[in-house]
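Participant: Take this structure, written in structure tokens, and hold onto it; I'll ask about it next.
Each reported figure results from applying straightforward, stated rules to the coordinates on display, with no laboratory input. It should be emphasised that the depicted structure is a prediction, and the values quoted were computed from it without experimental measurement. Virtual Cβ from ideal backbone geometry, glycine too; neighbours counted across all protein chains shown.
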Amino acid sequence: MGADAGVAVRPATADELPAVCNVLDGGLLEVDADVVSGAVDDGDVVVAVREAPRSAPILGALVLDGEEILAVAVRRRRRGQGIGSALVEAALEDRDELVAGFDERVRPFWKGLGFEIEDAEDAGRYRGRRSPPSRTPFRFRSTDPTGST
């Protein structure tokens, strides 16, 4: 499910750092502000905003470290509207793979996005991994009935 019409997903700007941290705090996520600041500088924070006006509040944010999702959060009153899914899909556009660590309560969110889920080392924690469908490696299949290539 995509985000509501009128919602845009784009990289965060440096002046949006406090709002990004506010959304993450509202999601009860513990991500160091310096890590988020560095990710904004590197273009590794994606935000969802209303398309107009430009000064509209940030509705959701996703923070990356390479291919690892460090945090994704959506304002409480906007949850269930496809914003978190849109953030993950936007992050996947420029990457070969995404990985995320999470607990049981958000497992359905990640499973619904097509992440392959496995148990993590910590009890009650999971790791999910997803590649874009169009970037799945192509494998030649043998046409030789003996199975040799």
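Participant: Of everything in the range 81-110, what is in contact (Cβ under 8 Å) with a residue 12 or more places away in the chain, more than 13 Å from the chain's Cα centre (by Cα) and outside any loop (DSSP other than H, G, I, E, B)? Give them in sequence order.
Facilitator: Hits for the range 81-110 are 103, 104, 107.
Participant: Could you check the range 27-52 and list, in sequence order, the residues that are surrounded by 13 or more Cβ atoms within 10 Å (Cβ to Cβ), of a type in the set (Gly, Ala, Ser) and more than 16 Å from the chain's Cα centre (by Cα)?
Facilitator: Within the range 27-52, 33, 37, 38 meet the criteria.
Participant: Still on this structure: Residue 71: under 13 Å from residue 19 (Cβ atoms), aliphatic (A, V, I, L, M), touching a residue at least 12 places away in the same chain (Cβ under 8 Å) and part of a strand (DSSP E or B), yes or no?
Facilitator: Here the answer is no, as residue 71 does not meet what is asked.
Participant: Here's a check for you: in the range 1-21, which residue that is assigned to a helix (DSSP H, G or I) and either small (Gly, Ala, Ser) or in contact (Cβ under 8 Å) with a residue 12 or more places away in the chain (or both) is surrounded by the most Cβ atoms within 10 Å (Cβ to Cβ)?
Facilitator: 20
Participant: Still on this structure, I have one more. Any residue at all in the range 41-55 that's of a type outside the set (Phe, Trp, Tyr) and in a helix (DSSP H, G or I)?
Facilitator: Scanning the range 41-55, I find at least one residue that is of a type outside the set (Phe, Trp, Tyr) and in a helix (DSSP H, G or I), so the answer is yes.
Participant: Also, quick follow-up: Hey, could you check the range 53-100 for residues that are over 15 Å from residue 29 (Cα atoms) and touching a Phe, Trp or Tyr at 6+ places or on another chain (Cβ under 9 Å) and say which is surrounded by the fewest Cβ atoms within 10 Å (Cβ to Cβ)?
Facilitator: The qualifying residue surrounded by the fewest Cβ atoms within 10 Å (Cβ to Cβ) is 99.
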